[in-house]
Amino acid sequence: MAAVLKLYNTLTRERENFAPIDPSRVRLYVCGPTVYDFAHIGNARPLIVFDVLYRLLREIYGRKHVKYVRNITDVDDKINARAAERGVSIRELTEGTNAVFQQDVSDLNCLPPDVQPRATEHIFEMIAIVQKLIDNGHAYASDGHVLFDVPSMADYGKLSRRSLDDMVAGARVEVAPYKKGEMDFVLWKPSKEGEPGWDSPWGFGRPGWHLECSAMSHKHLGEVFDIHGGGIDLVFPHHENEIAQTRCAFGHDVMANVWMHNGFLQVEGEKMSKSLGNFVTIHELLHEDKFGGRAWKGDVLRLAMLRSHYRQPIDWTVKALEEAEKTLQRWYALLRDKKPAPGALAEPFVEALCDDLNTPGAISELHQLAKAGDADALLRAANLLGLLHDDPAAWDGKASADIDAAEVEKLIGERLAARRAKNFAESDRLRDVLVGMGIKLMDARNKQTGELETTWEVG
């Protein structure tokens, strides 16, 4: 690829040219699920975002030269509580939940990571890191617990850049007699009867949540690797504490060179919450009629997710899913009775994607390829985004052929309003939605008023 991959690094707060430590072994780690319940649609965002990054890295460096690790947390207080609540064993809960998760991720057309390590299979590595931290003077044992000594790390908080007061609030600090300082966090804690646990130098117990990712990333990617990803909600305290543990255990200035975080997701303009009744899981979206009165194809969920830049907030709406579906129907219609031919990816598409995973820009290029009738180029580019892998015959194109004139006029009005407000990003998004519906837009100035007016036709 001629384009240079640029990624926004949360650690430096800058977009940087990506330069792997070893181009023959590019290493990516992403925080995976805690398998106590089905993953919600907010959890799908990092799954899809970092799947696109994984696909792009494989395209640039070659499939054999990229290693993607996404963990499974199968020991956690939430798991213990949910298993007790349901009256099932912890193993039964985690196995069943993980099976659903794996199917959901497959239905979203995410490639399987190269390694999916489970926390319970890495207890030995966790104990070894804890011992290193004690030996290095960065941790201490107290009353069956082992805690990380936060003041022992001079630049703790470098990733999140929070004040001490903000960090105390964000970490939901627990006041306990066995802690030296209020910010000190648990590396190892004792297990009660009936709770999972393992023998250790500090007694029968289990790891703290933050420790798990330090151990699994170290075992499978090394002491320092290229990219660590996850949701913006993980920056503090989880990723901050991962960095502290790993750096202080192994003596490096960084844990990963690039830290990437996707933005928050809300549903129909509100924060997703069970109390508001708008909490929806990936599984429900794919198989039930809870959202919009119907189930949705994985391609639809994926395209709707990628229409927003990964670092920006996203509003998950029925309207967005309907727009994505109409776009996909037109694209699949173009692919019918055509066999794709090998070839290069369209350069504007690659340039957009290499610009910090600018998927809205990349999708805009897909619209242009579709408009030009270039089915081969459309399929190659869409496949890199994880789209258009279904059999075109499975998509009913009738809905896309019946243009809703009132809906078109409404979208055109919203686009013109966005232009008048100089909200060009929203204007461009609405233009792409209309183009995706098969609408040809014609803008012109009214000679008498000077106002921009838009006419349209199907074509």
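The values are calculated or read from the model by the stated rules, or taken from the named source; none is laboratory data. Bear in mind that the values here come from a model prediction, so they are computed numbers and not experimental data. All Cβ positions, even for glycine, are placed from backbone atoms using ideal geometry, and neighbour counts span all protein chains on display. We work out accessible area using only protein heavy atoms, side chains counted, and drop any ligands, DNA or RNA first. Shrake-Rupley method; radii C 1.70, N 1.55, O 1.52, S 1.80 Å.
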Principal-axis tilt of helix 41-61 within the chain, Cα atoms, nearest 10 degrees: 80
Percent of Cα pairs exceeding the 16 Å cut-off, where the set is the stretch 142-240: 64
Centroid-to-centroid separation of the stretch 272-296 and the stretch 74-92 [C-alpha atoms, Å]: 24
Placed amide H near residue 395: partners under 5 Å, 5+ positions off or other chain: none
Within the stretch 175-248, GluC sites (Glu not before Pro) in DSSP loop having at most 15 other beta-carbon neighbours inside 10 Å: 182, 193, 223
Portion, in percent, of the accessible area of the stretch 278-426 that falls on carbon or sulfur, probe 1.4 Å: 50
Rounded tilt (10° steps) of 318-335 against the dominant C-alpha axis of the chain: 60
Cβ-Cβ FRET estimate between residue 195 and residue 223, R0 fixed at 35 Å, reported to 0.05: 0.65
CD proxy at 222 nm, helix term only [per DSSP H run n ≥ 4: -39500 (n - 2.57); per residue of the chain; nearest 500]: -13000 deg cm²/dmol
At R0 = 35 Å, FRET efficiency that the Cβ-Cβ distance of residue 250 and residue 270 yields, to 0.05: 0.25
Cα shape, the stretch 39-159, gyration tensor, a/c 1.5 rule: oblate
Computed over the chain, Cα set: Rg, Dmax in Å: 24.4, 84
Estimated vicinal HN-Hα couplings, Hz - the stretch 279-293 in sequence order (Karplus 6.51, -1.76, 1.60; Gly, Pro = x): 7, 9, 8, 4, 4, 5, 4, 7, 10, 10, 9, 6, 10, x, x
Cα gyration tensor, the stretch 265-395 - rounded (a/c under 1.5), prolate or oblate: oblate
Across 132/274; 6/132; 67/192; 6/219; 78/219, pairs whose alpha-carbon gap is larger than 30 Å: 132/274; 6/132; 67/192
Within the stretch 262-303, GluC sites (Glu not before Pro) in DSSP loop having at most 16 other beta-carbon neighbours inside 10 Å: 268, 288
Percentage relative contact order, the chain, counting C-alpha pairs under 8 Å, at least six apart: 16
Rounded, prolate or oblate (a/c below 1.5 giving rounded, otherwise prolate when a/b exceeds b/c) for the stretch 405-458 by Cα gyration tensor: oblate
Peptide ranges 146-158, 414-426 listed from the most packed, as the mean C-beta count within 10 angstrom indicates: 146-158, 414-426
Sequence-separation-based contact order of the stretch 6-262, relative, with Cα cut under 8 Å and 6+ spacing, percent: 24
Cα-only Debye scattering, the stretch 6-262: base-10 log of I(q)/I(0) at q = 0.11, 0.14, 0.16 Å⁻¹: -0.60, -1.00, -1.30
Under 5 Å, built H, 5+ apart or other chain: amide partners of residue 142: 147
Cα-based equivalent ellipsoid, the stretch 51-110: semi-axes from gyration tensor eigenvalues, Å: 33, 12, 8
Heavy-atom accessible area ranking, 1.4 Å probe, most first, across 200, 214: 200, 214
Extension reserve of the residue 84-residue 15 stretch, reckoned as 0.36 nm per residue once the Cα distance is removed: 20.3 nm
Rounded FRET efficiency, nearest 0.05, which uses the C-beta distance separating residue 322 from residue 426 and R0 of 22 Å: 0.80
Degrees separating the helix 359-371 axis from the principal Cα axis of the chain, which is the longest one: 30
C-alpha center-to-center spacing [the stretch 110-147, the stretch 161-233] in angstrom: 8
Probe 1.4 Å, protein heavy atoms only - accessible area per residue of the stretch 6-262 in square angstrom: 41
